[in-house]
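Below is one structure, written out as structure tokens; the observations come after it.
What follows is calculated from the coordinates using simple rules that are stated; it is not laboratory data. Model, not experiment: these values are computed from the prediction. Cβ coordinates were reconstructed from backbone atoms using ideal geometry, including for glycine residues, and neighbour counts include every protein chain displayed.
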Amino acid sequence: VNLADIIATTRDRRALTSLQIQRLVTAATDGTAADYQLAAWLMAVVLNGLSDQETTALTLAMANSGERLDLAGLPKPWLDKHSTGGVGDKTTLVVLPILAACGMTIVKMSGRGLGITGGTIDKLESIPGFRTDLTPEEMKDQAERIGIALSGQTPRLAPADKALYALRDVTGTVQSIPLIVSSILSKKIAGGAEKVVFDVKCGSGAFMKSHDDARALANSLMTIGAEAGLQVACLITDMQQPLGRAVGNALEVQEAIDVLSGKERGRFRKLCEQLAGLALELGGKVEKGLGKQHAANCIDDGSALLKLDQWFQAQGVHVSVVDPQFSLPRAPAKQEVLATARGFVSAIDAEQIGSLVVELGGGRKTKGDAVDPAVGVVLHKEVGVLVEKGEPILTIHARKDEDLIPLTDQADRAIRISSNAPAVPDVIKEVFKSQPRD
Ligand code: URA
């Protein structure tokens, strides 16, 4: 394979054939391509883009670069859910039990958090006993029994993505829609999904800061997903303020349990109902327009909580989440952050809260760091509410008292209080149910 030709083709904005893309991906996977050649091509893609046809070919070549999970024998529809990542995003822990309680099969691979965006695997590992290292055989067997299996990513699926992502991370080439889309979709296809619901986050705590950027990503996920043979639906959701009350691994698990127990009814539950509803409609389980109500019913009748319990126990947790013996790690030091004036909460900046939780030890600065499952932030107010001076806005949960002083200042900077009521964006910013037009 002549990689110099391939690089020059993209550099000159000419189209690569599917065969050229296939060869490039094979060379990235088997190590015959030099890192500098791959990096040069990646930068050419960042600068010049790829056509939809090229992006589809790249997606399929990456999906086929390793093993593919064979879900044959499991009840259909096979559905996956993917979030582009945010602060306080524990949606998977609520949505998966709803879908499985409604008869869907979800075999999901999730990642760890990096930077300010948390990861589902870190959240689940905060639960004593929870196993996140299921083999493909265990996943299939468990999904057959209870409808859900979730494990950490294996390098055996889509290894080309692993090789290319590692280079992108260190060469300033992560931010490219064709590269992001092919990276995400190839892993979904290799994981056996036929249908995928996407939650594209938008705002300071997300990868995509503006609605236009989020819309471009959502459009491309819809278009390339369909070209690659998936059925796809997508939400764009707000990530300007953290999602829900809790940010931090064990704190978020507790919040997910509280939502499924019917104790929480705010923006986070609304997002979960909408996303699960979209998935139920995509999966043909309910008629169009009825998904959200159906999802809400599964929470209200307790069936989704029962499913969460089955899922946790299947993956090694010894006690029910409703048993008084069930306990999650708790941080020993706490500090409330109070409103400095009377007025409306006009901002709780997701990015700053996310980085505060990383400082507490709840997230990673580099890939190998350990995370502290107990630390985090619990918000008592959301954007738009009126508060009195001195009312608690949030509580910081820390490992030790010394951590609290500098972080209280940082929390203060994340919060804005104004005399006028702010416009509060809906948590759901846009819904894509079918193929969008260009
Ligand atoms: N998530 C992925 O899996 N890949 C990307 O390129 C970006 C985010």
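Here are some notes:
- Net length gained if the chain between Ser418 and Glu138 were fully extended (0.36 nm per residue, minus Cα distance): 95.5 nm
- Cut-off 16 Å, label 7 Å out along Cα→Cβ of Thr17, residues of region 46-81 by amide N: 54, 57-58
- Cross-link table Lys123/Lys367; Lys195/Lys270; Lys201/Lys381; Lys81/Lys201, entries beyond 18 Å C-alpha to C-alpha: Lys195/Lys270; Lys201/Lys381
- If only the Cβ of Lys and Arg carry +1 and only the Cβ of Asp and Glu carry -1, the dipole of region 1-155 around its Cα centre is close to 340 debye.
- Helix 91-101 axis versus longest C-alpha principal axis of the chain: approximately 80°, rounded to the nearest ten.
- Coordinate range along principal axes, alpha carbons of region 354-438, Å, largest first: 52, 41, 17
- Across region 191-204, computed HN-Hα scalar couplings (Karplus, 6.51 cos²θ - 1.76 cosθ + 1.60, θ = phi - 60°) run x, x, 5, 10, 10, 9, 9, 10, 10, 8, 7, 9, x, 4 Hz from first to last residue, x flagging Gly and Pro.
- 10 Å beta-carbon shell around Thr29, net charge (K/R +1, D/E -1): -1
- Phi-based couplings in Hz for region 58-65 (Karplus 6.51, -1.76, 1.60; Gly and Pro marked x): 5, 4, 5, 5, 5, 4, 8, 7
- Label-to-label distance for Asp169 and Leu306 is 4.2 nm, based on points extended 7 Å past Cα in the beta-carbon direction.
- Point-to-point label distance, His380-Lys400, nm (Cα→Cβ direction, 7 Å offset): 2.7 nm
- Here's how it looks for Gly119: its modeled amide H is under 5 Å from those of Gly113, which are all 5 or more places away or on a different chain.
- Stretched out straight at 0.36 nm per residue, the stretch from Ala4 to Asn297 would grow longer than its current Cα-Cα span by 99.8 nm.
- The sum of -39500 (n - 2.57) across all DSSP H runs of n ≥ 4, divided by the residue count of the chain, sets its helix-only mean residue ellipticity at 222 nm to -13500 deg cm²/dmol.
- For Arg399, net neighbour charge (Lys/Arg +1, Asp/Glu -1) across residues whose Cβ lies under 15 Å away: -3
- Distant-in-sequence amide H partners of Lys201 (H built 1.01 Å from N, under 5 Å): Thr84, Gly85, Thr237
- Here the label points at Tyr36 and Asp369, each 7 Å from Cα along the C-beta direction, are separated by 3.3 nm in the simple model.
- Value of Rg to Rh for region 5-44 (Rh from inverse mean 1/r over Cα pairs, i.e. Kirkwood): 0.94
- Whole-number percent relative contact order across region 117-265, with pairs defined as alpha carbons under 8 Å at least 6 apart: 24 percent
- For Ile393, the residues whose amide H sits under 5 Å from its own are Val337, Leu338, Ala339, ignoring neighbours fewer than 5 places away on the same chain, with H placed 1.01 Å from N.
- Only one residue of Ile177, Pro159, Gln37 has its Cα farthest out toward the positive end of the dipole of the chain, where Lys and Arg carry +1 and Asp and Glu -1 on Cβ, and that residue is Ile177.
- DSSP bridge pairs, the chain: antiparallel proportion in percent, nearest 5: 50 percent
- Estimated FRET transfer efficiency (Val322, Thr26; beta-carbon r; R0 35 Å; 0.05): 0.10
- Each residue of region 9-14 was assigned a 3J(HN,Hα) from its phi angle through the Karplus curve 6.51 cos²θ - 1.76 cosθ + 1.60 (θ = phi - 60°); the sequence is 4, 5, 4, 8, 6, 9 Hz, with glycine and proline shown as x.
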